[in-house]
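The values are calculated or read from the model by the stated rules, or taken from the named source; none is laboratory data. Since the structure is predicted, the reported quantities are computational estimates derived from the model, not experimental observations. Cβ: placed from backbone, ideal geometry, glycine included. Neighbour counts: every protein chain shown. These area figures cover heavy atoms from the full protein model, side chains too; ligands, DNA and RNA do not enter into them. Shrake-Rupley method; radii C 1.70, N 1.55, O 1.52, S 1.80 Å.
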Amino acid sequence: MNRFESFLAQQFEDYMTYRHQLGYDTDNLRWALKTVERYLVSQNAGPNDLTPAFFLSLQADLHMQNKSINRLLCCTRKLFEYLVRIEYCRDNPLRDIPWLPEEHFIPFIFSPPQIDELLAAVCHRLRKNSKDFVQDLGSYLAILLLTRCGMRISEPLRLLRHQFRTDDNTLYIEKTKFKKDRLIPIPKAVAAEITNYLAVRRTLWCADTNAYLLALSKEKPFYDEFIRWRFHQAVGDIGLKCRRKTIGNTNIGAPTPHCLRHSFAVNTLKRIKAQGKSPQHALPVLAAYLGHSEYKHTAKYLKLLDAEHRHHLVNFISTQRHTP
């Protein structure tokens, strides 16, 4: 693990330990503190330099999206709240620094027919020789779980075989993004595909000792770059490949595996609305299914009705005149 080296190194480590003991994930915090430390070292800064002006300069020098800058300064502001409490310093130099205006983001949304086309394209690329067939079938299953269950890309790749429960067609997902566990029901068709895949694996591999539900080989699990590669191949095959672009203060997303999660949520809410039910009332259930820490994170999917609505919205933004 990389150690801190600036004059605040001990305070950084103590704060990391403090947050970890409270049960918080410290990966993003370490990223923020390492970024601040690099700036401290580059400016040869000392205790007397920790002023609002210093952090305004840091804010101006960061070459990243405003959302990321705000997140970094939020972590740093909380650090100094901690340092004030332990009486390391008297004031929080970031207390009055305002947030930067954040860009809007419109994710790529797959329609249900486009999802079917994507899965068909992945199937079409299955290699039929016994050496590669299990590997390709496993990558197809990973993408299937992204589309039909709205998983994050890391989640199907970390599943163990015993976490697939055939008696009730559920998957037990451990230690997700927010360090939460969840048990989710999956469609019968998806459960049948997984059962078939495991049977193929046993037949072609004979002694199947790999503990992972989806396996790259007899010894190894899949890594996400392999699934991303397969996904982008299929996106190109069905003619949906496009680049991310920025128009004014709006970022328009390109197709990525995470867009399948967005699409699952949007299409689920659309289906609920078509049944004459309230999408708003479904948000807590959908949030639990997706593994969100709070259902307010799920509410953002109400802003996009479906893939067609996104297409019209992007076309409208593209026709507007934007000034820097």
Could you figure out which of (1) surrounded by 14 or more Cβ atoms within 10 Å (Cβ to Cβ); (2) touching a helix residue (DSSP H, G or I) at 6+ places or on another chain (Cβ under 9 Å); (3) among the small types (Gly, Ala, Ser) isn't true of Ser68?
(2)
Thr195 being in contact with a strand residue (DSSP E or B) (Cβ under 9 Å, 6 or more places away or on another chain), in a helix (DSSP H, G or I) and open to solvent by 40 Å² or more (accessible area, probe 1.4 Å):
yes
Give me the residue from segment 141-175 that is open to solvent by 20 Å² or more (accessible area, probe 1.4 Å) and in contact (Cβ under 8 Å) with a residue 60 or more places away in the chain and, out of that set, farthest from Tyr212 (Cα to Cα).
Arg148
Residue in segment 75-88 that is nearest to the chain's Cα centre (by Cα), counting only those that are touching a residue at least 40 places away in the same chain (Cβ under 8 Å) and open to solvent by less than 60 Å² (accessible area, probe 1.4 Å):
Cys75
Residue set Ala254, Ala215, Ala192, Ala211; condition among the aliphatic types (A, V, I, L, M) and without any contact (Cβ under 8 Å) to a residue 24 or more places away in the chain; output residue Ala192
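So, of the residues in segment 180-192 that are assigned to a loop (DSSP other than H, G, I, E, B) and surrounded by fewer than 18 Cβ atoms within 10 Å (Cβ to Cβ), which turns out to be nearest to the chain's Cα centre (by Cα)? Outline the logic, then answer.
Quick first cut of segment 180-192, residues assigned to a loop (DSSP other than H, G, I, E, B) only: 180-181, 186-187.
Imposing the further condition that a residue be surrounded by fewer than 18 Cβ atoms within 10 Å (Cβ to Cβ) reduces the set to 180-181, 187.
Working: Lys180: 15, Asp181: 16, Pro187: 23 Å.
Among them, the one singled out is Lys180.
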Report the residue count in segment 273-305 for those that are buried (at least 18 other Cβ atoms within 10 Å of the Cβ) and at pLDDT below 70.
3
Could you check segment 44-73 and list, in sequence order, the residues that are closer than 15 Å to Phe12 by Cα and not in a loop (DSSP other than H, G, I, E, B)?
Pro47, Leu72, Leu73
Please give the number of the condition Asp96 fails out of (1) farther than 30 Å from Lys245 by Cα; (2) outside any loop (DSSP other than H, G, I, E, B); (3) of a type outside the set (Phe, Trp, Tyr).
(2)
Restrict the check to segment 22-33 and report whether at least one residue is of a type in the set (A, V, I, L, M, F, W, C) and open to solvent by 50 Å² or more (accessible area, probe 1.4 Å).
yes
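Inspect all residues belonging to segment 111-127 and state whether any of them is assigned to a loop (DSSP other than H, G, I, E, B) and more than 27 Å from the chain's Cα centre (by Cα).
Applying the first criterion (assigned to a loop (DSSP other than H, G, I, E, B)) to segment 111-127 yields 111, 125-127.
After this cut, where a residue has to be more than 27 Å from the chain's Cα centre (by Cα) as well, the list is 127.
Yes.
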Which of the numbered conditions does Val134 fail, given that it passes all the others? Conditions: (1) hydrophobic (A, V, I, L, M, F, W, C); (2) in contact with a helix residue (DSSP H, G or I) (Cβ under 6 Å, 6 or more places away or on another chain); (3) open to solvent by 70 Å² or more (accessible area, probe 1.4 Å).
(3)
For segment 198-239, name all the residues that are among the charged types (D, E, K, R), open to solvent by less than 30 Å² (accessible area, probe 1.4 Å) and modelled with pLDDT of 95 or more.
Arg230
Which numbered condition Leu118 fails, given (1) within 28 Å of Gly236 (Cα to Cα); (2) open to solvent by 30 Å² or more (accessible area, probe 1.4 Å); (3) modelled with pLDDT of 95 or more:
(2)
Can you tell me which residue within segment 240-272, out of those that are assigned to a strand (DSSP E or B) and hydroxyl-bearing (Ser, Thr, Tyr), is surrounded by the most Cβ atoms within 10 Å (Cβ to Cβ)?
Thr250
